[in-house]
Amino acid sequence: MPAHRKPIAVVTTVGSLADAQAMARALVERRLAACAQISEIESFYRWQGAVQNDKEFRVLFKTTRERYAAVEAAIRELHGYELPAIHAFAFEQVYAPYAAWIEEGCGEGQDVK
């Protein structure tokens, strides 16, 4: 599998379930991600000089390395945070048929809106 087609997970966090659902739907509909998973989390972080504690929703997008820039741009477009967390990690090992499904679901070789 070429390196640019390797499956990755791109992660962000948002403040509400509605925001998470809207972002997940948008990226899957645009074929930027084959799948998006939403988890409710509790976050502790330092922001503007103080420790914050909030309930958030983590959205994990399954996509390919080739799609990272477009996924990041879409998240930035749809995100309400001043400084959104956007990061990715590669799948070190992945079941080949599942990797193929991710590639197909991301519209590899197709134009991105």
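Of everything in the range 2-56 that is in contact with a helix residue (DSSP H, G or I) (Cβ under 8 Å, 6 or more places away or on another chain) and modelled with pLDDT under 95, the residue that is farthest from residue 104 (Cα to Cα) is 3. Taking the residues in the range 53-95 that are of a type in the set (A, V, I, L, M, F, W, C), in contact (Cβ under 8 Å) with a residue 12 or more places away in the chain and in a helix (DSSP H, G or I) as candidates, determine which candidate is surrounded by the fewest Cβ atoms within 10 Å (Cβ to Cβ). That would be 78.
The requirement of being without any contact (Cβ under 8 Å) to a residue 60 or more places away in the chain, open to solvent by 90 Å² or more (accessible area, probe 1.4 Å) and among the aromatic types (Phe, Trp, Tyr) is satisfied by residue 44.
Residue check: is residue 33 part of a helix (DSSP H, G or I) and open to solvent by less than 90 Å² (accessible area, probe 1.4 Å)? The answer is no for residue 33.
The values are calculated or read from the model by the stated rules, or taken from the named source; none is laboratory data. Just so you know, these numbers come straight off a predicted model, no measurement behind them. Quick reminder, even Gly has a Cβ in these numbers, built from the backbone with ideal geometry, and neighbours come from all protein chains shown. All accessible areas refer to the heavy atoms of the entire protein, side chains included, with ligands and DNA or RNA removed. Shrake-Rupley method; radii C 1.70, N 1.55, O 1.52, S 1.80 Å.
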